[in-house]
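These notes concern the structure reproduced below.
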Amino acid sequence: MEVLYLLETSPLFFGISAGALGLVVGSFLKVVIHRLPIMMHNTWSEECREHFGDSQAEPLAQKQYNLLTPASRCPQCGHRITALENIPVISYLLLRGRCSGCGTGIPLRYPSVEVVTAILSVITALHFGFSMQTLAALAFTWALIPLFLIDFDFQILPDSITLPLLWGGLILSLFDVFVDSHTSIIGAATGYLSLWSIYHLFKLATGKEGMGFGDFKLLGAIGAWTGWQALPVVILFSSIVGAAIGILLILLKGRDHSQPMPFGPFLAAAGWMTLLWGTDIINLYLH
């Protein structure tokens, strides 16, 4: 009870707790980001073998491969990552960013995911305060982080994340956590059908596919959480974020400006910003 009292009355303690929880969740999310695409590829390979025969596809990894099995190991020397070596951020600093077995450098991306998850968790928690909205918004935030990075890397948005996100938004609307059910249902339908329509019009005009079906589902999920009125804000934010990231990639990495970029990461970033500040922006515009 004393902890709950501190969480409710002390913004500092509440923020620190949210950050610590974010670090732990971020440690799990980096596993999701790495393993989920491999798991999906293995599933597709198995389906191909069943349909076409054994010669059509080979699995990327052993059969028992999921988010928990096998234990994490160094890809270079096979050293098993111990519990002490898996403490978020701290282990990376103590190991000086290198494997304790072979000295191979650990990608900076791993602790970066943990730090970013913690920062976004703190911002989300302090924005909504000690409330049911914070619990829901944290789940929303944690779902968008792997969607952002997986789509950026592989141009896929896993149904195993987008669909629960969609249904979660609709269920929360029954209790008016963010929006009411009427607004949420219309938001989900409008979000999905708007990109679905653009996809088919673009394909009809050019004969090319401009985006994937995962983008439809993601915008539908965001619409279920934020409501249909916020969808123009989501599109605006996604355009701004997309332009900013595109320019940075061209300047820093020399990315070809004609090379297509996934739309999901920009939708994910825009959806998070809209959930936190979309209502304020809409009210500012209306008044």
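The values are calculated or read from the model by the stated rules, or taken from the named source; none is laboratory data. Quick caveat, the model's predicted, so the values are computed rather than measured. Cβ sites come from the backbone with ideal geometry, for glycine too, and all protein chains shown count toward neighbours. Note: areas computed on protein heavy atoms with side chains; ligands, DNA, RNA excluded. Shrake-Rupley method; radii C 1.70, N 1.55, O 1.52, S 1.80 Å.
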ask   = Are there any pairs, at least 6 apart or on different chains, whose C-beta atoms fall under 7 Å, with the first in the range 24-50 and touching a residue at least 12 places away in the same chain (Cβ under 8 Å) and the second of a type in the set (S, T, N, Q) and crowded, with 17+ Cβ neighbours inside 10 Å, and if so, which?
value = VAL25/THR117; GLY26/THR117; LEU29/THR117
key: Matching residues, the range 140-160, being within 20 Å of LEU231 (Cβ to Cβ), among the hydrophobic types (A, V, I, L, M, F, W, C) and open to solvent by less than 40 Å² (accessible area, probe 1.4 Å)   = PHE140, ALA143, LEU144, LEU147, LEU157
request  = Within the range 200-220, count every residue that is farther than 23 Å from THR274 by Cα and in a helix (DSSP H, G or I).
outcome  = 7
key: Checking ASP176 against (1) in a loop (DSSP other than H, G, I, E, B); (2) touching a helix residue (DSSP H, G or I) at 6+ places or on another chain (Cβ under 9 Å), the condition it does not meet   = (2)
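Out of ALA137, ALA189, report the one residue that is modelled with pLDDT of 95 or more, aliphatic (A, V, I, L, M) and surrounded by 15 or more Cβ atoms within 10 Å (Cβ to Cβ). Walk me through it before giving the result.
On the way: ALA189 fails: surrounded by 15 or more Cβ atoms within 10 Å (Cβ to Cβ).
Result of the check over ALA137, ALA189: ALA137.
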inquiry  = Restricting to the range 83-103, name every residue that is surrounded by 12 or more Cβ atoms within 10 Å (Cβ to Cβ) and not hydrophobic (A, V, I, L, M, F, W, C).
reply    = GLU85, ASN86, PRO88, SER91, TYR92, GLY97, ARG98, SER100, GLY101, GLY103
ask   = With respect to the numbered conditions (1) at pLDDT 95 or above; (2) farther than 25 Å from VAL122 by Cβ, which one is the sole condition not fulfilled by GLY26?
value = (2)
Condition check for ILE106: without any contact (Cβ under 8 Å) to a residue 40 or more places away in the chain and either open to solvent by 20 Å² or more (accessible area, probe 1.4 Å) or under 30 Å from LEU172 (Cβ atoms) (or both) = yes
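Step by step: first the residues of the range 201-248, then only those that are among the polar types (S, T, N, Q) and touching a residue at least 12 places away in the same chain (Cβ under 8 Å), then the one that is nearest to LEU165 (Cα to Cα). Which residue is that?
The residue in question is THR226.
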